[in-house]
Every structure is written in structure tokens, then in C-alpha cells.
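Following: one structure in C-alpha cells, then a few remarks.
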Amino acid sequence: MGVKLLLENAHIEGIRYYETYRKHGGYRAVEKALKMAPNDVVEEVKKSGLRGRGGAGFPTGMKWSFLAKPEGVPRYLVCNADESEPGTFKDRYLMEFLPHLLIEGLIVSSYALGSNSTYIYIRGEYAWIPDILEQAIAEAKQNGWLGKNIQGSGFDLEIYVQRGAGAYICGEETALIESLEGKRGNPRIKPPFPAIKGLWDCPTVVNNVETLSAVVPIMNIGGEEYAKIGVGRSTGTKLISACGNINKPGVYEIDMTISVEEFIYSDEYCGGIKGGKRLKACIPGGSSVPILPANLLLKTAKGETRYMNYESLSDGGFATGSMMGSGGFIVLDEDQCVVKHTMTLAHFYNHESCGQCSPCREGTGWMYKILKNIEYGKGKMSDIDLLWDIQRKIEGNTICPLGDAAAWPVAAAIRHFRDEFEWHITHPEEAVKRNFGLAHYADPLKVPEAV
Amino acid sequence: MVKFSDDKLAKVQEIIRRYPEGKQKSALIPVLHLAQESFGGWLDVPVMDYVAELLNITPIEVYEVATFYTMFNLRPVGKHVLEVCVTGPCMINGSDDIIAYIREKLGIGPGETTADGMFTLKPAECLGACGYAPMMQLGKHYREHLTREKVDQIIEECRKQA
């Protein structure tokens, strides 16, 4: 069993409620933090090496230290609970089962940053979760952890829950801020970054649910101890939401030292591929990150074991690696069609593009149409290069990273599964009836010769 | 005349108090949710104009937002909206079959409503339940690990509520 910091108490009955949560050590992190200077709390988070758990992996302590603190101007902390990246459902788990962990993390973080009004922006579809969070907030308030002069510290804090209304783009922090201001979720041009000019033009930090929850164990065990867990710059623990063709889909906490192979096949985690089938491919960090064929997933191009951490998953760059992303781990078995799967993702990004930038607004639609043609036996050989060309012209040419997120899955599918695309085009009648299959995607890789 | 009940109006005031003075526009999305629940499951123009008036913003500011977010319905929908996720992880676990089955059982395609106004089929993009696929949203809650039998039960359940 690996180290558990976030889900350690998740199995305890009644942990959703204050009394039980408190009995099991809850709100100790707040007690500890309120005795420290806010900047020392920031330092502790810096020492922990915690990286943003929403997908980008940016060091949290550093993000906090960028927050501008002009005199007389309010500062805000906003919790990004707009979890919408396909394959990702970990924040939902935290909020549904451990709401007080998030509230506790928000109190500590708000104190560190000097936010007196903190907002949780949650995706609109998680319609039952605001009730759970609001109950936890009310319980915390009744017990003196929120409101005026918390525990005699002089620090005031209110936490509010705000529902979105169905827009993936609102997970992008500036789009989220726009949405919280009651507008369309159009990402803003950066700079200025939210740390300088965010919510209502005030300095703002936006952090993911898991990131803010992780602040609790960091306070409890100390930043240095937290940094000892894991490996290299992948410190602490990470929640992975595993789905697709596996025996045990669900949310797992890992300490980032286990191999991808262990994660997929061990009974402690995914429990292997459903129905005893063979592994074909996997998207290890949410739909935006590159898909990898089985052989490149389990081992790097150099033939080394691949591990479930930021560095190892990205080993080889986009040519032969992928990314940790949000931890949305999507497994495809030998019977799945990469073309069709990529088509659904292209449809997703086309649907979710806010429409501000033409490369994304138009390009995502073109990619979907071309992929649909290929999938349904109407593709031409030149379509593959056309797709490649479109994705390349979207990437890096948009205000926000949704363009990149739409381009990468298509690029990686062509890069690693080009023969499957070609087969669809050369066998249009067969392609509508059956899938290409496993092909050579699980064959052992030839170790490249030393350069 | 479109008008919230007194307790809903009190709720609107409570929402507005969450933001600094003069930032009441931030209440727009929560109030539109409230309006959609209160006025028949969709946002007709008079409803949006009423919300604009309540929040002291222009109607266009409301239309801009209502047309952007997929949860706001701009046309009438059935009493029960079956929102079936069709994105990657649900697709590889058989969401196509769930859509096909609903189509066959209720005689409606994506975006359509049954003649009796009971059901609307609305394909949805990833709803964050990938580990419990295939799934649908029904009102406030998720229905997960769907099978044909579960779809039968859900439809039966909805009909009983009528």
C-alpha cells in the first residue's frame, strides 16, 4: 500500500460530516496555520514542491508568491472545481466524500493569501454537490472555523459556492473568472495574469480542488516531509481517476513511485484489462494529453520502465511520451478504435471551443468533420496530412490552451496510429463493420541504437 | 407576468450579497439556474428580460450568457431530459447503444422531445463520471453504469412521477 494523504480517511463512515471529520484530526491544519505568519504558510507550501493538480503542474507555492498585494485592494482565492477534462472525476470524489478536507484547505490557503471572500466555482452539472459543500461550510461556520475573527486570530473568511452552467472552457482560469463575473466564459489575454488582475480586476489566485485539499496534509506533516514522498519534482501524492476498459475503474491515490504497468495490472489499482483482453492504448492524463500505444506506455522509447509521475510520463516529449495532466487515466483495450475515440474527442473540443480565436473555432470543427469521414468510410488518403496540418496550425495560435488541448490528441493519434487511419481509408466497407484491432501496438519496441 | 415567488426573490438577494457592492452581475448564472427551474425548464425571452431587470443589467448581457452555456435551454424541453454522455470514455463503454436504445424505445433522436412532452434526449459532452460509464444526467442527479434494463427502469420511474 502506498502513502495516503488525501484519501486516508475516505472510508470512514460519516467523514462527510463535521463531528467525524474533526474527531479524525480535521481542522488541525487550520489551528497550526493561524499561529503562523501568512507568508510562512506560503513558504511551507513552496517547500512541499506541490504542483497544480488541475493539469498544468505549475508549482503552487510559486503561483502564490506572484500574488500582488497592493494596499487597500481585496485579494481573492478561487477554487477551480470546474472539473470537465474527459477522463477526470477525482475532484468530484473529494467534494462528494471529503468536503471538509477542501473547506479546511481553503481556510488555510485563504489565510496564507489574505483572501476574505473565497469562491468555489463548480461545474453546473455537479448539481448535487453544492448542497454537500454548503452543508460543510455551515458546519464549519457553526464551529468557529469561518466567519469573523476565526479562532481569535483576527482573520475573517466567508466561502461561497458558485455553479457554472456547462462549459469546459471555464476550467481555464481566466474564463472561470469571467464566468464568475457573470459573463460568457471567454478566456482573457495574458498578461495581465490573475495574480495581478483577476476577479473584479483584483489580485486573484485560482487553484484546483485537489491542489487546495493537499495543503491540509502539507500543513499537518510539514512541507519538507511532504516533499520526501514521491520522486524528484513529483512530490506528494496524486489522485488518478482511472476509467475505460479496466476491471476496477475509480479514484486512486498514488505516491508517484509506482510503474504504469503496476497501476494498470495490480489488484490494488485498476486490476487489469476487463475480460482478460489486451491493452491497446492509454491516455494517461485526461483527454488533452497525447495517447500512447501499449508499448510506449509501459516502457519509454529507451526501453526503461515508465512510472506514474510528471517526469516519467513526459519522458520522450510528445514524440514518444505524454503527460501527467489532470490524472484522468483512460484505458483502451484491443477492441477499441482509435479513430472513433479521437473523433469523439474532436467533437468534444469543437463543442467546447468558446469561439474567440478562429484557429480553434474553425479548426476544431474541420478536424471533427474529417475524422467523421474517415471513421465512416468516406476518408481520402490526403485527409491524414490535412488533419496533421490543421492541428499544427491550431497549436500555439490561440489565446488559451484549449486550442493545444484540441490539437494534441489528434496529433498523437496520427503519430502513433497512422496505419489504423490508413486502414480505415483503404478498407472503407470493412471499417464500418469492425475495428482495426490490436495490430502491433503492444509488440515490444525495438530499443533505438545509441546515437 | 413572469415573477419569482417571495422565497425565490429572497434567494436572489442572498446570492447578490455574496459579491462586493456593484458586482451583482456575478449572480447572473445562479439566478438563471433558478429561473430555468422556476419557469418550465427553459429560458424564454421574457424570463431573461425579467432576470436582467432583477440584476439591473441590460437584456443583452443576459442573452449573451444564456446562449453560451449548454445547461441553459433556449427552447422548451420535455419534463424529463435524458442527457446521455457521448464523449470518449463513455463511448468505449457503450454510450452509442444507450442512445440507440432510447431512440428505439421512445422514438426520439438527439435533441428531440416525445409528442407527449415527457422526454427529451440530449446527448451531452463529458459529465465527469468516466469511471461509472455509460451514464446520463437526469435532473439534479447522475445515473451511472447504464444498461438497457436500467434505461427501462429510469423511464418507468419518470412516467410514474407524472
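The values are calculated or read from the model by the stated rules, or taken from the named source; none is laboratory data. Please read all numbers here as calculations on a predicted model, not as lab measurements. Reconstructed Cβ throughout: ideal geometry from the backbone, glycine too, with neighbour counts over all protein chains shown.
Below are the figures for this structure:
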read-out	value
Within region A:262-289, tally of residues that are surrounded by fewer than 24 Cβ atoms within 10 Å (Cβ to Cβ), of a type in the set (Lys, Arg) and under 26 Å from A:Ala411 (Cα atoms)	1
Residue check, A:Ala195 farther than 23 Å from B:Leu32 by Cβ, in the same structural domain as A:Leu50 (by TED's automatic domain parsing), under 21 Å from the mean Cα position of the chain (by Cα) and not in a helix (DSSP H, G or I)	yes
Residue satisfying condition, being of a type in the set (Asp, Glu), assigned by TED's automatic domain parsing to the domain that holds A:Asn80 and assigned to a helix (DSSP H, G or I), within set A:Glu125, A:Glu178	A:Glu178
Which listed residue is surrounded by 14 or more Cβ atoms within 10 Å (Cβ to Cβ), touching a Lys or Arg at 6+ places or on another chain (Cβ under 6 Å) and outside the structural domain of A:Ile384 (by TED's automatic domain parsing), from A:Leu445, A:Leu438	A:Leu438
Failed criterion for A:Gly403 (all others in (1) surrounded by fewer than 18 Cβ atoms within 10 Å (Cβ to Cβ); (2) in contact with a Cys (Cβ under 7 Å, 6 or more places away or on another chain); (3) of a type in the set (Gly, Ala, Ser) hold)	(1)
Helices (runs of 4 or more DSSP H) contained in region A:1-113 and holding at least 1 residues acidic (Asp, Glu) and surrounded by fewer than 19 Cβ atoms within 10 Å (Cβ to Cβ)	A:18-23, A:28-34, A:38-48, A:90-97
Number of the condition not met by A:Gly166 [criteria: (1) on the phi > 0 side of the Ramachandran plot; (2) at the interface with chain B (Cβ under 7 Å from one of its Cβ atoms); (3) in contact (Cβ under 8 Å) with a residue 12 or more places away in the chain; (4) out of contact with any strand residue (DSSP E or B) (no Cβ under 9 Å at 6 or more places or on another chain)]	(4)
Restricting region A:315-347 to residues that are assigned to a helix (DSSP H, G or I) and of a type in the set (A, V, I, L, M, F, W, C), the residue that is farthest from the other protein chains (Cβ to nearest Cβ)	A:Ala319
Residue that is closer than 30 Å to B:Ala27 by Cβ, more than 13 Å from every other protein chain (Cβ to nearest Cβ) and not polar (S, T, N, Q), where the choices are B:Gly41, B:Gly117, B:Gly109	B:Gly41
Odd one out for A:Cys354 among (1) in a helix (DSSP H, G or I); (2) under 24 Å from the mean Cα position of the chain (by Cα)	(1)
Leading residue by the ranking (farthest from A:Phe89 (Cα to Cα)) among those in region B:61-106 that are acidic (Asp, Glu) and within 11 Å of another protein chain (Cβ to nearest Cβ)	B:Glu61
Exclusive hit being free of Cβ contacts under 8 Å to residues at least 40 places away in the same chain, farther than 30 Å from A:Asn373 by Cα and β-branched (Val, Ile, Thr), set A:Thr305, A:Thr344, A:Thr300	A:Thr300
Unmet requirement for A:Ser65, which otherwise passes all of (1) within 22 Å of A:Tyr160 (Cβ to Cβ); (2) without any contact (Cβ under 8 Å) to a residue 40 or more places away in the chain	(1)
Only listed residue being more than 27 Å from B:Ala66 (Cβ to Cβ) and touching a residue at least 24 places away in the same chain (Cβ under 8 Å), chosen from A:Ser179, A:Ser84, A:Ser110, A:Ser117	A:Ser110
Positions within region B:85-98 being within 26 Å of B:Lys160 (Cα to Cα) and crowded, with 20+ Cβ neighbours inside 10 Å, in sequence order	B:Cys85, B:Ser95, B:Ile98
